Amino acid sequence: MSQERSSSDVDRLARQLKELLREEADIDFTQQVNEARLHLDNSKEESAFVLGTLLVKQSDQASLKEGITILEQLSMCAVHRLTPECADLLGFPQKAKHPDPAADAQIVQYYYLIALAQYKMEDLGASISLCNKILRFRPSHSQTLALHRLATKRADEQKAKETMVGFGLAAVGVLAVGLLVYAAPPIVPTSPLTPFRRAGHDNLNVTSQIGLNNSQI
């Protein structure tokens, strides 16, 4: 029962996230992005995070790619401050000299936004993989659970569509071959005796007649 309730909660979160993305798609964040660029301070992670977050809210490929680049840089900075547990679960061998639990929460948020951008770019495999990495460390992270559900569902839909297209193309190919065979003119076998048949001679008579002629020669 608890698993069903958990699945139901994830479905609800996924619907909410899908609706949020639909609403954001109708908003132009260009002005906010430009303002964030003006206030960008390379020495302050917070200003880069604001810019990266706004870029991920955009819909065009260029903005999404730039947002991913910024967030990846921020995540690499956070790696050096992760707690040992988080570092192990995310697959980082190096251990921070001064672990900071706040860095764990930061890298989870960075990874989530990267996975969200990958989802919007239709890079579903990468998005699902990164979601799985987050969920190893934070199994109940609601945003990631919702995104993972959306990405998995879309990947399944695309796979089913590709399968149907493959069957359709195969059926068209078989039909085309069948039509070609049906439309092709019949092949009439020919032999050296054909002219004799057309002249009304019987094959055996012609053969025996040729034999007699040869013996006479």
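The values are calculated or read from the model by the stated rules, or taken from the named source; none is laboratory data. All values reported here derive from a predicted model rather than from experimental measurement. Reconstructed Cβ throughout: ideal geometry from the backbone, glycine too, with neighbour counts over all protein chains shown. Ligands, DNA and RNA are excluded from the accessible area calculation, which covers all protein heavy atoms including side chains. Shrake-Rupley method; radii C 1.70, N 1.55, O 1.52, S 1.80 Å.
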Kindly evaluate Arg81 against the criterion of being free of Cβ contacts under 8 Å to residues at least 40 places away in the same chain and closer than 28 Å to Asp9 by Cβ. no
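I'd like the full set of residues that are open to solvent by 70 Å² or more (accessible area, probe 1.4 Å) and either among the β-branched types (Val, Ile, Thr) or under 26 Å from the mean Cα position of the chain (by Cα) (or both), limited to region 14-30.
Across region 14-30, the qualifying residues are Arg15, Gln16, Lys18, Glu19, Leu20, Arg22, Glu23, Asp26, Ile27.
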Looking at this structure, is Val33 open to solvent by less than 20 Å² (accessible area, probe 1.4 Å), farther than 30 Å from Lys153 by Cα and of a type in the set (Val, Ile, Thr)? yes
Here's a check for you: in region 113-143, which residue that is within 17 Å of Thr53 (Cβ to Cβ) and among the polar types (S, T, N, Q) is surrounded by the most Cβ atoms within 10 Å (Cβ to Cβ)? Ser127
Do any residues in region 128-142 that are farther than 10 Å from Tyr112 by Cα have Cβ atoms under 8 Å from those of residues that are of a type in the set (Asp, Glu), where the two are at least six apart or on different chains, and which pairs are they? Phe137/Glu85; Phe137/Asp104
Name every residue in region 70-105 that is exposed (fewer than 14 other Cβ atoms within 10 Å of the Cβ) and in a loop (DSSP other than H, G, I, E, B), in order of residue number. Gly91, Pro93, Gln94, Lys95, Lys97, His98
Gly200 fails exactly one of the following numbered conditions: (1) modelled with pLDDT under 70; (2) surrounded by 11 or more Cβ atoms within 10 Å (Cβ to Cβ). What is the number of that condition? (2)
